[in-house]
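Engineer: Mind looking over this structure? Questions follow.
Each reported figure results from applying straightforward, stated rules to the coordinates on display, with no laboratory input. Everything numeric here is computed off the predicted structure, so don't read it as measured data. As a convention, Cβ positions derive from the backbone with ideal geometry for all residues, glycine included, and neighbour counts pool all protein chains shown.
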Amino acid sequence: MQVDGIFLETAVVLAASAAVGAVSHKLRQPLIVAFIAVGVLMGPLGLNLWQADPQHELLATLGIALLLFVVGLKLDVNLIRSTGPAALAIGSGQIALTFGFGYLLAQGLGFASLQAFYLAAALTFSSTVIIVKLLSDKREIDALHGKIDLGVLIVQDLAVILAMIALTAWGSGSEGGLMRDGLLVLFKGGAFIGLTALLMRYVLPGLLARLSNSQELLVLFAIAYAALWSALSQQLKLSLEVGAFMAGISLASTSFREILAARLVTLRDFLLLFFFISLGSHLELNFTGRQLLMVLALTVFVLLVKPLLVAGIMGGMGYSKRTGFLAGVSLGQISEFSLILGALGLQFGHIDTNIMGMITLVGVVTIGVSSYLILDSGRIYERLAPVLGWMQRRHPYREAIADSGDTGAPVDVILFGLGNFGSHIAKNLLARGKTLLGVDFNPEVVRKAASQGLRVRYGDAGDAHTLDHLSLDQVPWVVSAMPGAGPNMTLLEGLRERNFRGKVVLTAQNAEQEEAFREAGADRVLWPNLDAAEQAVDLLTTAREAIFDQAPWPMTLEEIRLRPGSPAGGKRLGELALRSRTGATLVAVDRSGQSHFDPDADFMLLPGDRLVLLGSHDSLAQAGELLTPRPEPESGEQEGFQIGEVRFPEGSGWVGRTLAALDLRQRIGLSVIGIRRGDQRIVSPLPDTVLEAGDVLVVLGRPGAIEACRTCIPQPSFGH
């Protein structure tokens, strides 16, 4: 079957790519697998609708150039510095061991030396695109194993560029002059790097600043620059991939790297579609039984041996078995660069289409399988943890408890997760005088929190050892600010197994998680996205603008939000006497999306209320000072509260009086929150409730106020 017209052919292939891509997404598979499958489906082995032609080859070449350009653009040398020499050591060790064992395996399978070299190189590198995408989806890109993986990928990217330079020199060398031609390529490479460095230092920063007024022009320049540098590198016999990579590096230190990378990713993926479809269309599937066994052996090496090598290196360096396992599993596939290296070897005649087909098939299988392994790595680790003790030293010192001054004293809250959400929870808890112990799996976060004076430990909610080293018997609250159902459920189950008697608060990302957490036994469920959305909508519902719109002339209005701890919280307007004390008038209160205009003296203010005040600048300033929480003295102890019961005997002078008449709040500082009357329980009694003989008052107030109340009860008189 033959389709006439390259445009129609391309349209059909794009439609097939979208359809297969949708299925791939449903199966949680990367699009790379889908695109190669489309190539097989549309190529000679399938419907034979895809024909190799210069136009498609050009698009594929542009895709490869942009891929290398974006990789260079994201090359963050500071990342290697932040993970210390560990990333460099792990990356170098992984490359050396994987290549060495891969080479021996390939030769053991009967491949010649040069073929074994290409196979070993293909097995060595891991997919930056796949790993970054999946770890970002799991929100583990900033976890310790995620940062180590990124550092290893940077080392791999640098190594693959050096390999391309070496292979280009090898492939372009004439017989008998290989050394001379190789030295010439290295000389050209040095000159090319020097020219790039000069542009990076003196030309590109100023040029990009001028172009930044138009993002479209900035992106167009980046594409043109990547293509031009790729072409120049190709003319110098350095390969276009090297040029594109160097172009990306030259822009990586500018402030425009993030916006360029974000804008180019979609275009890169679209153009790479043609490269992977072309690979799939040339895939040789007429393997013999022996060749299929070879593919199986190479696949097992990548999926099993390669991660174990990484975990072994990390264990020897002092990392825990969990960190080593998660980092190793993420690296268990071959890279898109492995396919590019194979295509380069095919171009130079170093390998044939049969070996290239084997590399491609190994790539499809390992990328597909490892995607599931990465997504479920936490669950897999939990099942295998008992047999992974050999992966770590007796004392994994690199992940020891951080030196945060933690003396093991009792705390009010143990907070798991000190990311953006968790750090704000910690800040507000400390502001309210709560004692806190933070637990996080990111060493940098632990060190930062410790430097800010927070009691903190390195640990992970999914690791039983972390919970075993916490004094859970003395803690009333355990709060998880971690995203994802897995970590939260694991924490809840671990606390239940240890008979934790306090309250557990988990963080949900959607309604399904919230329901699952509540059914599992969580006492509270936080939903940051929903809470933020509700607060955002509340801010759109404001009485201030309504008053402005209806006022006959301009008025000075101020909106003040009552923060937790404000002296006005829990007080009635008449009790607060705001107007007489400051001269400002409270004209409206916004609460939970509703506006209460001209509230009366009995209106009670609550934390979170937004007060709209009218008055002069001076009176509004005084009102702000009155309503704003005053910081507690550092040396003083924060005032607490007590809840207790007060019983008064029959014949007491309180019998027959109302709560309003007693006015315990004003006299002693107590609030009556309940009355126990025989078997009856009255919750939040009204002010006109009449006390009866035998009533027991449930009161809330400052320490000492309850005892003061007991002593002030009028005693019954005996006799006349």
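Engineer: Could you pull the Rg and Dmax for region 642-712, using just the Cα atoms, both in Å?
Structural biologist: 11.0, 29
Engineer: Taking the Cα centre of region 233-284 as the origin, how large is its charge dipole in debye, to the nearest 20, when only Lys and Arg (+1) and Asp and Glu (-1) carry charge on their Cβ atoms?
Structural biologist: The dipole magnitude comes to about 200 debye.
Engineer: Let me ask something else about it. Using the per-residue mean of other Cβ atoms lying within 10 Å as a proxy for protection, in what order, highest first, do the peptides 334-345, 298-309, 679-690, 599-610 fall?
Structural biologist: 334-345, 298-309, 599-610, 679-690
Engineer: Can you give the FRET efficiency for residue 213 and residue 666, using 1/(1 + (r/R0)^6), R0 = 51 Å, r = Cβ-Cβ distance, to the nearest 0.05?
Structural biologist: The formula returns an efficiency of 0.20 here.
Engineer: Using 0.36 nm per residue, how much length does the chain from residue 693 to residue 493 gain when fully extended, once their Cα-Cα distance is taken away?
Structural biologist: 67.2 nm
Engineer: Farthest toward the dipole's positive end in region 6-387, which of 236, 250, 67, given Cβ charges of +1 (Lys, Arg) and -1 (Asp, Glu) about the Cα centre?
Structural biologist: 250
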